[in-house]
Ligand code: ATP
């Protein structure tokens, strides 16, 4: 099988997430996209996200939109309170699924911060990468941005760019709008919008 890990905060999951997962699944013939909310993101400045249980519940509702999308608890909060590092997650997936082709699906903003991730070279060896364009994060100069990693040609060849996506949606912007009372129905899967309303999130 061809399986992509799609990690993030998903606070909340939005239509941009669904659009890029669908585009990646179509373009790279993925059988599964694992939507994995992180208990604790190592690099996020957004310090106190909505509880993991709420984010997982919203991701589960969002995943109902496509049979290839599967909610995953692989990045659930760690018992020791440590951040969830993608290198550990991918290593665990590789161990669980030795026969499958693994991909790591990220937006351009995440990809350009790769030099700050734990063990970037190993990350590129553990999976192929699908990098999706995102407004405000130009990908055309990624070789320069990532030059500090001194990628080998083999590692470079495992990075696939999907540049046809122009989804100008961010969870940060959504949280601000939800906070000011806007239901944001045009930017959220409807089941997620209902969940947010029922549970009085982002008020
Ligand atoms: P925040 O605004 O809180 O930082 P976010 O909208 O970036 O959140 P995350 O849950 O952090 O959402 O994103 C998970 C993954 O999805 C990341 O790899 C991110 O780059 C990617 N992503 C999110 N929104 C988009 C988008 N509109 N276009 C392309 N990639 C996106």
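The values are calculated or read from the model by the stated rules, or taken from the named source; none is laboratory data. Nothing here was measured: the structure is a model prediction, and the numbers come from that model. Heads up, the Cβs are rebuilt from the backbone with ideal geometry, glycines too, and the neighbour counts pull from every protein chain shown.
Residues that are without any contact (Cβ under 8 Å) to a residue 60 or more places away in the chain and near the ligand (Cβ under 7 Å from one of its atoms) within segment 9-40 comprise just one, 17. Listed by first and then second residue, the pairs with beta-carbon distance under 8 Å, at least 6 apart or on different chains, first residue in segment 94-112 and under 16 Å from residue 158 (Cα atoms), second near the ligand (Cβ under 9 Å from one of its atoms) and part of a helix (DSSP H, G or I), are 105/20; 105/21; 107/20.
The residues on offer are 67, 12, 37, and the sole one that is out of contact with any strand residue (DSSP E or B) (no Cβ under 9 Å at 6 or more places or on another chain) and surrounded by 20 or more Cβ atoms within 10 Å (Cβ to Cβ) is 12.
Exactly one residue out of 75, 66 is within 13 Å of the ligand (Cβ to nearest atom), modelled with pLDDT of 95 or more and in a loop (DSSP other than H, G, I, E, B), and it is 75. Kindly indicate the residue of segment 78-102 that is in a helix (DSSP H, G or I) and closer than 14 Å to residue 34 by Cα and also nearest to the chain's Cα centre (by Cα) among those meeting that condition. So, considering only residues that are in a helix (DSSP H, G or I) and closer than 14 Å to residue 34 by Cα, the one nearest to the chain's Cα centre (by Cα) is 86. Counting only helices (runs of 4 or more DSSP H) that sit wholly inside segment 103-203, those with at least 3 residues that are out of contact with any strand residue (DSSP E or B) (no Cβ under 6 Å at 6 or more places or on another chain) and within 14 Å of the ligand (Cβ to nearest atom) are 171-179. Screening residue 58 with (1) more than 17 Å from residue 129 (Cβ to Cβ); (2) in contact with a helix residue (DSSP H, G or I) (Cβ under 7 Å, 6 or more places away or on another chain); (3) surrounded by fewer than 24 Cβ atoms within 10 Å (Cβ to Cβ) gives one miss only, at (3). When segment 1-26 is filtered for residues that are within 25 Å of residue 54 (Cα to Cα) and either outside any helix (DSSP H, G or I) or at pLDDT below 95 (or both), the ones remaining, listed by number, are 3, 4, 5, 6, 7, 8, 9, 10, 11, 12, 13, 14.
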